[in-house]
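Visitor: Next up is a structure, given as structure tokens.
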Amino acid sequence: MNVPTMAEMMAQGKQPEVLFWVGCAGSFDDRAKKITKAFVKILQKSNVDFAVLGTEESCSGDPAKRAGNEFLFQMQAMTNIQVLNAYEVKTIVTACPHCFNTLKNEYPELGGNYQVMHHTEFLKKLLDDGRLTIEGGQFKGKRITFHDPCYLGRANKIYEAPRELIQKLEVELLEMKRCKSNALCCGAGGAQMFKEAEKGKKEIFIERTEEALSTQPDIVATGCPFCNTMITDGVKNKEKEGSVKVLDIAELIANASDL
Amino acid sequence: MHYLPNIIFATILVVGIGFFVQNIKKIIRNIKLGKSINRSDNAQARLKNMALIALGQSKMVKRPVAGILHILVYAGFIIINIEVIEIIIDGLFGTHRILSFAGGFYSFLIGTFEILAVLVFASVIIFWMRRMVLQIPRFWNKEMKGWPKNDALNILYFEMILMSLFLVMNASDYSLQQLDVDHYIKAGSFPVSHFIATWLPQNIPFLEILERTTWWLHIVGILIFLNYLYYSKHLHILLAFPNTYFANLNPKGKFNNLEAVTNEVKLMLDPNTDPYAAPAENATPPEKFGASDVFDLSWVQLLNAYTCTECGRCTSVCPANITGKELSPRAIMMKTRDRLEEVGKNINLNKEFKPDNKQLLNDYILPEELWACTSCNACVEACPVNIDPLSIIIDMRRYLVMEQSAAPQELNMMMTNIENNGAPWQFNQMDRLNWREE
Ligand code: SF4
Ligand code: SF4
């Protein structure tokens, strides 16, 4: 793919409109890389002038902070801020709600002030500005339920942008009983992604997947690479991977237009 | 001897209110044991929160049945207690129904109080049934055994008794008024108690004794209730106001950045500092990171602990608790309060805190609880009085990780990876852009 880095842009004396913050999952995790590429395809189709940091990007520090390691978090944050400020970055978009929340809310006090957007907000804006058209394509008429990521929803009160995008696909949007501000976590947040759960009677991702499946969906839509992993595991555990797909909103939009 | 009742009344009143003031002072002293945190900004937004959430109970009605019943009990209880003003004046000066000069308005008030009293009584019965008959699960979690369960029931019984006393008092008064007994001037309207009056024997000495007894029990009951608050989750009827006022106004996802850490990290990243320099002579000892005891929490977190109503709405939406983990955000708040109370008693006894070889961590809250949290903020969202259990969990994790290096092994690996290669997994930083070529 033709994706410029900030360094390459700078060498040509150019300043992109927006920085795409890929995040660790989006860079390294095989499943999440597909989301990254889908999002890039939409950006390219909409002629968005963007760049990535590439090897100059480093973990936002979110999992360290939620685990209680404030030192490591601030080391990561300040290192990233040095890079971002050196490139005079103004606007950042990311497909990871954890990076989004950390960059948007926790970096400013440490000297990093940017306009930070989650990719669903950014896509919604492209749509409103007439730069992006969304069609139903292969998803027309499908039953889709959306799982609210905690760090997008409750943490930052973004509930509508993802839903408006999904509805543009001419699908049937189904709500789970626990949705929006009452949504149940997928179980990955707060650094849980990186450890076994404490002992209990059930896994959180199973509880949430059961709820998603109870809406009888064709697709469970997500807006977070970690939620995506958890729900995908849940669907496999319930042996439903043949009939129910777990897809990020960026993938839905890109696939609908056969990008 | 004629003034004996007035003197007894004044004494009871002074003692009752005196004890209450003492208790409030203790609570304020204990809350002040917490670390400072600035919540003096944005008074307008704070007042609005207090008006909507504490006074208007906007978060209560998210569960409509409990919410509406609660508003009835709360509004009813407060409005009926306007009556206490009259009781106090009558008690001190030996008058009877002193405010009755207000005529029609007085009748309107008394009538309203009576109807509210019945509604409160009925709501309290439904509350009791939800707990004891329907056994709604959030009232039966394991932290609700013993005192917390009895406390909740005590209050319900108490309200039933107070409302009954009020109505029987009015019924006997009404009968005495009808019998043209001296002193019992015709005042007030009694839409409810005139029914009760029909069951009472129309015997003047009996009615007089009944009226006096219920009158005295009513006021004594209210004073007992006032003093019971300190030992009860019912402190929330007072503390909900400051608690919603001082609550966090930032987006829920924003965790505070520890300033002490910022200073050290800046030094570490500054190429001009000499890593081998000896610490300055009079350098202040490094601050403790995170929280292992109530002293390390902020005063807002301690205020949270005293405000908790033990309703369990937080726990009933907590993904960890729902799936059977040890963690219960309500228990986090209850344990914090228990420890704070223990520290308070220690101070009462010794004039200052004498180390007792105990702390909030391990003696009350176990690491297993702390590590089960997904930081999903569901508890914070659900709390009807804006309590933030998550902030305590994170502060205690900070202590475990930064002071004790006691994170679970897998998390240590995750953190080592971030340190070494800038990602929580073992990938090479140089491969970060590989997806572009794949
Ligand atoms: S933030 Fe933690 S304690 Fe609160 S509901 Fe979520 S998992 Fe439970
Ligand atoms: S923290 Fe809030 S929601 Fe939880 S039990 Fe206490 S008052 Fe209820």
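The values are calculated or read from the model by the stated rules, or taken from the named source; none is laboratory data. Everything numeric in this text was worked out from a predicted model, so none of it was measured. Positions of Cβ are backbone-derived with ideal geometry, glycine not excepted, and every protein chain shown enters the neighbour counts. Please note that ligands, DNA and RNA were not included when accessible areas were found on the heavy atoms of the full protein model with its side chains. Shrake-Rupley method; radii C 1.70, N 1.55, O 1.52, S 1.80 Å.
Visitor: Looking at (1) within 14 Å of ligand 2 (Cβ to nearest atom); (2) without any contact (Cβ under 8 Å) to a residue 60 or more places away in the chain; (3) within 13 Å of another protein chain (Cβ to nearest Cβ), can you tell me which one B:Arg337 breaks?
Guide: Every condition holds for B:Arg337 apart from (3).
Visitor: Still on this model: Which ones in segment A:1-18 are open to solvent by 50 Å² or more (accessible area, probe 1.4 Å), aliphatic (A, V, I, L, M) and in the same structural domain as A:Asp49 (by TED's automatic domain parsing)?
Guide: A:Met10, A:Ala11
Visitor: Starting from residues that are open to solvent by 50 Å² or more (accessible area, probe 1.4 Å) and within 14 Å of another protein chain (Cβ to nearest Cβ), keep the ones in segment A:30-51 and report whichever is farthest from B:Leu433 (Cα to Cα).
Guide: Once the filter is applied, the top-ranked residue is A:Gln44.
Visitor: On to the next question. Being of a type in the set (Gly, Ala, Ser) and on the phi < 0 side of the Ramachandran plot is the filter; apply it to segment B:110-146 and report the residue that is farthest from the chain's Cα centre (by Cα).
Guide: Looking at the filtered set, the residue picked out is B:Gly111.
Visitor: Would you say B:Leu33 is surrounded by 15 or more Cβ atoms within 10 Å (Cβ to Cβ), of a type in the set (A, V, I, L, M) and more than 22 Å from B:Tyr230 (Cα to Cα)?
Guide: When the stated conditions are applied, B:Leu33 does not pass them.
Visitor: Need the failing condition index for B:Thr307 against (1) crowded, with 22+ Cβ neighbours inside 10 Å; (2) among the polar types (S, T, N, Q); (3) under 25 Å from B:Ser58 (Cβ atoms); (4) within 16 Å of ligand 1 (Cβ to nearest atom), just the number.
Guide: (4)
Visitor: Tell me which of these B:Leu411 doesn't satisfy, since it passes every other one: (1) away from ligand 2 (no atom under 16 Å from the Cβ); (2) aliphatic (A, V, I, L, M); (3) under 30 Å from B:Thr309 (Cα atoms).
Guide: Among (1) away from ligand 2 (no atom under 16 Å from the Cβ); (2) aliphatic (A, V, I, L, M); (3) under 30 Å from B:Thr309 (Cα atoms), B:Leu411 violates only (3).
Visitor: Please list, ordered by first then second residue, the pairs with beta carbon atoms under 6 Å, 6 or more apart or interchain, first in segment B:298-312 and among the hydroxyl-bearing types (Ser, Thr, Tyr), second assigned to a loop (DSSP other than H, G, I, E, B) and within 11 Å of ligand 2 (Cβ to nearest atom).
Guide: B:Thr307/B:Val385
Visitor: Let me ask something else. Considering only residues that are among the hydrophobic types (A, V, I, L, M, F, W, C) and either away from ligand 1 (no atom under 11 Å from the Cβ) or open to solvent by 10 Å² or more (accessible area, probe 1.4 Å) (or both), which ones fall in segment B:379-391?
Guide: Across segment B:379-391, the qualifying residues are B:Cys379, B:Val380, B:Ala382, B:Cys383, B:Val385.
Visitor: Can you tell me which residue is farthest from B:Leu92 (Cα to Cα) among those in segment B:4-54 that are among the hydroxyl-bearing types (Ser, Thr, Tyr) and outside the structural domain of B:Thr95 (by TED's automatic domain parsing)?
Guide: Of everything passing the filter in segment B:4-54, B:Ser36 is farthest from B:Leu92 (Cα to Cα).
Visitor: If the requirement is being more than 21 Å from A:Ala64 (Cα to Cα), open to solvent by 60 Å² or more (accessible area, probe 1.4 Å) and not assigned by TED's automatic domain parsing to the domain that holds B:Tyr231, which of these qualifies: B:Glu437, B:Glu342?
Guide: Within the list B:Glu437, B:Glu342, the selection yields B:Glu437.
Visitor: Applying the selection to segment A:3-55, what residues are within 26 Å of A:Asp129 (Cα to Cα) and aromatic (Phe, Trp, Tyr)?
Guide: Hits for segment A:3-55 are A:Phe20, A:Trp21, A:Phe39, A:Phe50.
Visitor: Those residues that are within 10 Å of ligand 1 (Cβ to nearest atom) and either polar (S, T, N, Q) or surrounded by fewer than 23 Cβ atoms within 10 Å (Cβ to Cβ) (or both), I need them from segment B:326-339; list them, please.
Guide: Within segment B:326-339, B:Ser328 is the sole residue that qualifies.
Visitor: So the check is Cβ under 6 Å with 6+ separation or different chains; which pairs have a first residue in segment B:423-436 that's within 7 Å of chain A (Cβ to nearest Cβ) and a second one that's assigned to a loop (DSSP other than H, G, I, E, B)?
Guide: From segment B:423-436, the pairs are B:Ala423/A:Cys59; B:Gln429/B:Gly422; B:Arg436/A:Met1; B:Arg436/A:Val3.
Visitor: Another question, if that's okay. Residues in segment B:365-373: is at least one away from ligand 1 (no atom under 16 Å from the Cβ) and open to solvent by less than 30 Å² (accessible area, probe 1.4 Å)?
Guide: no
Visitor: Moving to a separate point now. Identify, from the list A:Leu184, A:Leu252, A:Leu174, the residue that is over 18 Å from A:Gly26 (Cβ atoms), surrounded by 16 or more Cβ atoms within 10 Å (Cβ to Cβ) and more than 12 Å from chain B (Cβ to nearest Cβ).
Guide: A:Leu174
Visitor: Scan segment B:393-411 for residues that are more than 7 Å from chain A (Cβ to nearest Cβ) and either surrounded by 18 or more Cβ atoms within 10 Å (Cβ to Cβ) or within 20 Å of B:Ala331 (Cβ to Cβ) (or both) and jot them down.
Guide: Matches in segment B:393-411: B:Ile393, B:Asp395, B:Met396, B:Tyr399.
Visitor: List pairs: first residue in segment B:374-390 and outside the structural domain of B:Cys311 (by TED's automatic domain parsing), second residue open to solvent by less than 20 Å² (accessible area, probe 1.4 Å) and near ligand 2 (Cβ under 6 Å from one of its atoms) anywhere in the structure, Cβ distance under 6 angstrom, at least six positions apart or on different chains.
Guide: Filtered contacts from segment B:374-390: no entries.
Visitor: Just for helices (runs of 4 or more DSSP H) wholly inside segment B:297-392: which have at least 3 residues that are over 16 Å from the mean Cα position of the chain (by Cα)?
Guide: B:319-322, B:329-350, B:360-363, B:367-371
Visitor: I'd like the full set of residues that are within 12 Å of chain B (Cβ to nearest Cβ) and farther than 28 Å from A:Val22 by Cβ, limited to segment A:204-226.
Guide: Listed by number, the residues that qualify are A:Ile206, A:Glu207, A:Glu210, A:Glu211.
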